[in-house]
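Heads up, the thing below is written out as structure tokens.
Since every read-out is calculated from the coordinates, none of them should be taken as a lab result. Bear in mind that the values here come from a model prediction, so they are computed numbers and not experimental data. With ideal geometry, Cβ positions are generated from the backbone for all residues, glycine too; neighbour counts draw on all protein chains shown.
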Amino acid sequence: MTDKVALITGVTGQDGAYLAQLLLQKGYVVHGVKRRSSSFNTERVDDIYVDPHERGARFFLHYGDLTDSTNLIRLVQETKPSEIYNLGAQSHVQVSFETPEYTGNADALGTLRLLEAIRILGLEKSVRFYQASTSELYGKVAETPQSETTPFYPRSPYAAAKLYAYWITVNYREAYGMFAANGILFNHESPTRGETFVTRKITRAVAAIHRGLQDTLYLGNIDARRDWGHARDYVEGMWRILQHSEADDFVLATGEMHSVREFVELAFSETGRTIRWQGQGVDEVGMDAGSGAVLIRIDPRYFRPTEVEMLVGDASKARARLGWSHTIGFKELVAEMVQADLVRAVDDIRRNGQQS
Ligand SMILES: C[C@H]1O[C@H](OP(=O)(O)OP(=O)(O)OC[C@H]2O[C@@H](n3cnc4c(=O)[nH]c(N)nc43)[C@H](O)[C@@H]2O)[C@@H](O)[C@@H](O)C1=O
């Protein structure tokens, strides 16, 4: 039997790294695409990286960029994947308001470039393609919970770019008979989540405050509500989507919705603190109920020009057809993230101590 070979764009991101790990465990050869950067950006895959010249090496990193089509064609040609997971993107919603053109280029046209690379190389019938679609497509939601049949209403340049990517994936499936599938994933987090997404921003601050390294956490819209799952569960879902008998689109979600405010409360409770809210609007503060210290303040800089107020998914199709459901609940997710950041905060203190 020949090995299954996967090509993952965005391998240095949270999902890319979890997916690479999962596929290596399943016996795949994994090729990851990383963007050139002047600083090291591979921490999340350092554990699984081995010298590619070593016998038996199964994980390889390549430079690449979704804005560079000749490079994508060459990567697909050289790595000969049986499965492509397109996880690369400018994935920060707020940043997309500042960089709308780049976001459209990487997230919308990048997906097209990858699909075209498959077509140019005549691999339409031999490659399975996964597109990282997102619950942000639902934006100003038409119904609750959201499923595969809920209409889309994107509310940011990021979501509008992802809308194009979603439909071009469907179109290549219908036009060329390609196995091209969308996973419409609701928010998924972990201890390796990027530090500017709200969950990780909160858990880092909780740990830093607990260790005496920070006084205050500044947040935007704390009444936004999301369906937060664990990235480890969601990469399993991505893989299942590509193993299904036919190419199709699936929602992956937990079905539970919580506010940013609840996330904050639960995260602080991991360090024994109870949060008491006081005031309204931009003047609202979150205080440590014990000491009275103000730990949370609102900073309007984090408000988005158009906000997605609430999202919660209905993953019954994935449950019925893929046998997928989440295994890690909200409380467990928050606890894991806070505990990991508490350990990291101690490491930071040690490192700084050694330097002084
Ligand atoms: C599924 C989807 O998931 C992610 O998109 P996101 O939901 O925008 O994630 P986030 O963690 O940046 O914001 C969640 C909510 O939290 C609110 N919020 C309040 N205060 C702050 C704050 O201070 N920072 C941030 N970042 N958000 C804040 C913010 O306004 C929003 O309502 C991406 O992975 C995206 O790629 C994706 O596809």
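Summary table below
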{"quantity": "When each of 4/162; 26/201; 34/201; 140/317; 34/125; 26/140 is checked by Cα-Cα distance, pairs over 30 Å", "calculated": "26/201; 26/140"}
{"quantity": "Volume per residue of the C-alpha convex hull in the range 159-313, rounded to whole Å³", "calculated": "120"}
{"quantity": "Cut-off 14 Å between beta-carbons: net charge of the residues surrounding residue 256, Lys and Arg +1, Asp and Glu -1", "calculated": "-3"}
{"quantity": "Inter-part distance where the range 283-356 and the range 220-247 are each reduced to a Cα centre, Å", "calculated": "17"}
{"quantity": "Added length on full extension, which subtracts the Cα-Cα distance from 0.36 nm per residue, residue 316 to residue 256", "calculated": "20.3 nm"}
{"quantity": "Loop trypsin sites (Lys or Arg not before Pro), the range 124-226 (other Cβ atoms within 10 Å of the site Cβ: 11 or fewer; DSSP)", "calculated": "125"}
{"quantity": "Two-decimal log10 I(q)/I(0) for the range 22-161, as the Debye equation yields it once each C-alpha is a single scatterer, q = 0.11 Å⁻¹", "calculated": "-0.50"}
{"quantity": "Helix runs (DSSP H) in the chain reaching 27 Å along axis by Cα, Kyte-Doolittle at least -0.5", "calculated": "157-176, 330-355"}
{"quantity": "For the chain, share of DSSP beta bridges that run antiparallel, in % to the nearest 5", "calculated": "20"}
{"quantity": "Helix-only mean residue ellipticity at 222 nm for the chain, each DSSP H run of n ≥ 4 adding -39500 (n - 2.57), per residue, nearest 500", "calculated": "-11500 deg cm²/dmol"}
{"quantity": "The range 1-65-the range 172-212 distance, computed between alpha-carbon centres (Å)", "calculated": "18"}
{"quantity": "Leading residue at positive end of dipole, the chain (Cβ point charges), from 323, 86, 254", "calculated": "86"}
{"quantity": "Dipole of the chain, positive end: most advanced residue of 112, 190, 164 [Cβ charges, Cα centre]", "calculated": "112"}
{"quantity": "Rg to Rh quotient for the range 60-99, alpha carbon positions, Kirkwood Rh", "calculated": "1.07"}
{"quantity": "Fully extended contour minus Cα-Cα distance, from residue 214 to residue 46, at 0.36 nm per residue", "calculated": "57.6 nm"}
{"quantity": "Share antiparallel - DSSP beta bridges, the range 54-211, percent rounded to 5", "calculated": "0"}
{"quantity": "Cross-link partners of residue 80 among aspartates and glutamates (Cα-Cα below 17 Å; sequence separation of 8 or more within a chain)", "calculated": "3, 116, 124"}
{"quantity": "Distribution of pairwise C-alpha distances over the chain, 10 Å bins, in %", "calculated": "5, 24, 33, 24, 11, 3, 0"}
{"quantity": "Rounded to the nearest 20 debye, dipole of the chain from Cβ charges on Lys, Arg, Asp, Glu", "calculated": "540"}
{"quantity": "About the Cα centre, charge dipole magnitude for the range 1-142 (Lys/Arg +1, Asp/Glu -1 at Cβ), debye", "calculated": "420"}
{"quantity": "Charge dipole (the chain, unit charges on Cβ, about Cα centre) - positive-most of 311, 8, 150", "calculated": "8"}
{"quantity": "Label point 7 Å beyond Cα of residue 299 along Cβ direction - residues of the range 170-194 with amide nitrogen under 15 Å", "calculated": "none"}
{"quantity": "Distance (nanometres) between label positions extended 7 Å along Cα→Cβ at residue 350 and residue 54", "calculated": "2.4"}
